[in-house]
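Enquirer: Please find one structure pasted underneath; my questions will follow.
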Amino acid sequence: MKSLLEKTSDKLVNAFLKNKIISPIPSKFTKKLKEAQKLRKLCESKIKLPIIGFKAAGTGIPLIKKFKEKEPFYASVYKKNLLKSGKTVKITKSTLGIELEVCYKIKRSFFFSKGSITKKNLTKFISHMAPCIEIVGYRQKKRGITSFGDLCSDFGANVKFLVGTKKKYKRINIGNLKTNISNKKINQSVNGNTGTVYINPLNSLRFVLNKVKKDKINLNKDFWVFTGSSVGVVPIMSKGLYIGSVNKLGSVKVIIR
């Protein structure tokens, strides 16, 4: 007979592949990040779709302290969840909100590097950077966040990613860029700063790359890393056009319906 872990992973994978919403999974897989990681990795091992990168999650320092964690976590991002800026995303009652991030395109050569990724050698692996919108939510009939395990166990709670125009990487003060996401139709506007992302987006990137290296993952191709929200999880208060802007990087759009 299959274990509860196996049965739970099967349900989540089926929900992920068929865009379904299921009943909440047992809390034993969400209370502690360590158990949630086991479930996430098992789920990802059962999905045979192309991976286009990885996301950092739980990158806000206040959130890390609130849930008494030591660090963020990461999850795989699949090609089916990547869209061009301006595309439409349909939300559900289990959608948590919208985030605005900095993402980086990483060279394939990263997978053949030796040793840890440090502040000094990090930038040689970056080819491009861009603003990104992430729609976050569960594949379960539940709302809110009570632990990192809630997010991690459900594929990192990533629904869709929309990437703006990418620019060739250059050194800028990435830890202090003003950001904003807004829906002008309802006068909803939220300001943020890249300095809220696990010290800064480059540090978040370094964290993800070292985790990928530790887990011995090799995509053997260029890939994206999404570094975490600069505005927190912003509630989607209305359908329509949301525009995110990151100073010096540009803008990215999504139509919510």
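The values are calculated or read from the model by the stated rules, or taken from the named source; none is laboratory data. Not measured: the values here are computed from a predicted model. Cβ placement follows ideal geometry from the backbone for every residue including glycine, while neighbour counts extend to all protein chains displayed.
Enquirer: Please find, within segment 44-59, the residue that is nearest to the chain's Cα centre (by Cα) out of those that are surrounded by 18 or more Cβ atoms within 10 Å (Cβ to Cβ) and not in a helix (DSSP H, G or I). Working first, answer last.
Expert: Initial filter on segment 44-59 (surrounded by 18 or more Cβ atoms within 10 Å (Cβ to Cβ)): 44, 52-59.
Still in the list and also not in a helix (DSSP H, G or I): 52-59.
Working: Ile52: 12, Gly53: 10, Phe54: 7, Lys55: 4, Ala56: 5, Ala57: 6, Gly58: 9, Thr59: 10 Å.
Across segment 44-59, the extreme among qualifying residues is Lys55.
Enquirer: Name the pairs: first residue in segment 4-30 and at positive phi, second residue at pLDDT below 95 and not in a loop (DSSP other than H, G, I, E, B), Cβ to Cβ under 6 Å, at least 6 apart or on different chains?
Expert: none
Enquirer: Output the residues belonging to segment 77-93 that are touching a strand residue (DSSP E or B) at 6+ places or on another chain (Cβ under 8 Å) and either among the acidic types (Asp, Glu) or assigned to a helix (DSSP H, G or I) (or both).
Expert: Passing the criteria: Lys79, Asn81.
Enquirer: Pull up segment 109-163, narrow it to residues that are in contact with a strand residue (DSSP E or B) (Cβ under 9 Å, 6 or more places away or on another chain), closer than 23 Å to Lys80 by Cβ and of a type in the set (Lys, Arg), then point me to the one that is surrounded by the fewest Cβ atoms within 10 Å (Cβ to Cβ).
Expert: Selected residue: Lys141.
Enquirer: Kindly list the number of the only condition in (1) of a type outside the set (Val, Ile, Thr); (2) without any contact (Cβ under 8 Å) to a residue 12 or more places away in the chain; (3) assigned to a helix (DSSP H, G or I) that fails for Arg206.
Expert: Condition (2) is where Arg206 drops out.
Enquirer: Just to check your reading of the model, which residue among Lys84, Lys55 is basic (Lys, Arg), touching a helix residue (DSSP H, G or I) at 6+ places or on another chain (Cβ under 6 Å) and in contact (Cβ under 8 Å) with a residue 12 or more places away in the chain? I'd like the intermediate steps shown before the answer.
Expert: On the way: Lys84 fails: touching a helix residue (DSSP H, G or I) at 6+ places or on another chain (Cβ under 6 Å).
Just a single option satisfies the conditions, and that option is Lys55.
Enquirer: Which residue is surrounded by the most Cβ atoms within 10 Å (Cβ to Cβ), if the candidates are limited to segment 209-257 and must be closer than 16 Å to Lys90 by Cα and basic (Lys, Arg)?
Expert: Lys253
Enquirer: Can you name every residue in segment 174-203 that is out of contact with any Leu (no Cβ under 7 Å at 6 or more places or on another chain), assigned to a helix (DSSP H, G or I) and within 27 Å of Ile117 (Cα to Cα)?
Expert: Scanning segment 174-203 gives Gly175, Asn176, Gly195, Thr196, Pro201, Asn203.
For (1) modelled with pLDDT of 95 or more; (2) farther than 23 Å from Ile174 by Cα; (3) touching a Pro at 6+ places or on another chain (Cβ under 9 Å), each residue gets a yes or a no:
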| position | (1), (2), (3) |
| --- | --- |
| Lys2 | no, yes, no |
| Ser9 | yes, yes, no |
| Asn19 | no, yes, no |
| Arg40 | yes, yes, no |
| Pro50 | yes, yes, no |
| Gly53 | yes, no, no |
| Tyr74 | yes, no, no |
| Val102 | yes, no, yes |
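Enquirer: Oh, and also: Restricting to segment 200-249, name every residue that is within 14 Å of the chain's Cα centre (by Cα) and on the phi > 0 side of the Ramachandran plot.
Expert: Across segment 200-249, the qualifying residues are Gly228, Gly232.
Enquirer: Given the residues Val225, Val231, which is the only one that is part of a loop (DSSP other than H, G, I, E, B), at pLDDT 95 or above and in contact with a helix residue (DSSP H, G or I) (Cβ under 9 Å, 6 or more places away or on another chain)? Walk me through how you get there before you give the answer.
Expert: Details: Val225 fails: part of a loop (DSSP other than H, G, I, E, B).
The match here is Val231.
Enquirer: Of these, Lys105, Lys170, which one is more than 30 Å from Phe29 (Cβ to Cβ), buried (at least 18 other Cβ atoms within 10 Å of the Cβ) and basic (Lys, Arg)?
Expert: Working: Lys170 fails: buried (at least 18 other Cβ atoms within 10 Å of the Cβ).
After ruling out the rest, the residue left standing is Lys105.
Enquirer: Out of curiosity, is Lys70 within 19 Å of Arg40 (Cβ to Cβ) and at pLDDT below 95? Walk me through how you get there before you give the answer.
Expert: Numbers: within 19 Å of Arg40 (Cβ to Cβ): yes; at pLDDT below 95: yes.
Yes, satisfied.
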